[in-house]
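Single-structure report; data block below.
The values are calculated or read from the model by the stated rules, or taken from the named source; none is laboratory data. Note that the coordinates shown come from a computational prediction; the quantities given were computed from them, not determined experimentally. So basically every Cβ, Gly included, is an ideal-geometry build from the backbone, and we count neighbours across all protein chains shown. With ligands, DNA and RNA removed, areas are computed over all heavy atoms of the protein, side chains included. Shrake-Rupley method; radii C 1.70, N 1.55, O 1.52, S 1.80 Å.
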Amino acid sequence: MRILVIGSGGREHALCRSLAADPQVTEVHCAPGNPGIAQVATLHPVAPTDPEAVARLA
């Protein structure tokens, strides 16, 4: 399963870490993310307030 998390804060970091540890999850992506999230997810430079860009990424 591939997961996209939207945001760049501490909650998103915790979500990405937990998702990355789940054996059913094959890929974790985050937009826009932060340097800590980059350790467990692929980051994408998409503004979370731009619904069209988020939809294109998804």
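Here are some notes:
- Surface analysis of the chain yields an accessible area of 66 Å² per residue, using protein heavy atoms and a 1.4 Å probe.
- Environment charge of Ala58, counting only residues whose C-beta is closer than 15 Å and scoring Lys/Arg +1, Asp/Glu -1: -1
- When the solvent-accessible area of the chain is split by element, carbon and sulfur atoms take up 54 percent of it, the probe being 1.4 Å.
- In the chain, the longest principal axis of the Cα atoms and the axis of helix 10-21 are about 50 degrees apart.
- Contact order for the chain, expressed relative to its length and based on alpha carbon pairs under 8 Å spaced 6+ residues apart, stands at 32 percent.
- Net +/- balance of residues flanking Leu19 in space, Cβ distance below 14 Å, scoring K and R +1, D and E -1: 0
- Spin-label model distance (nm) - Glu52 vs Arg17, 7 Å beyond Cα toward Cβ: 3.7
- Among the listed values (i) -0.53, -0.59, -0.82; (ii) -0.43, -0.49, -0.75; (iii) -0.36, -0.41, -0.63, the one matching log10 I(q)/I(0) by the Debye sum over Cα atoms at q = 0.15, 0.16, 0.20 Å⁻¹ as calculated from this structure is (iii).
- Using Cβ point charges alone (K and R +1, D and E -1), the dipole size of the range 6-58 about the Cα centre works out to roughly 120 debye.
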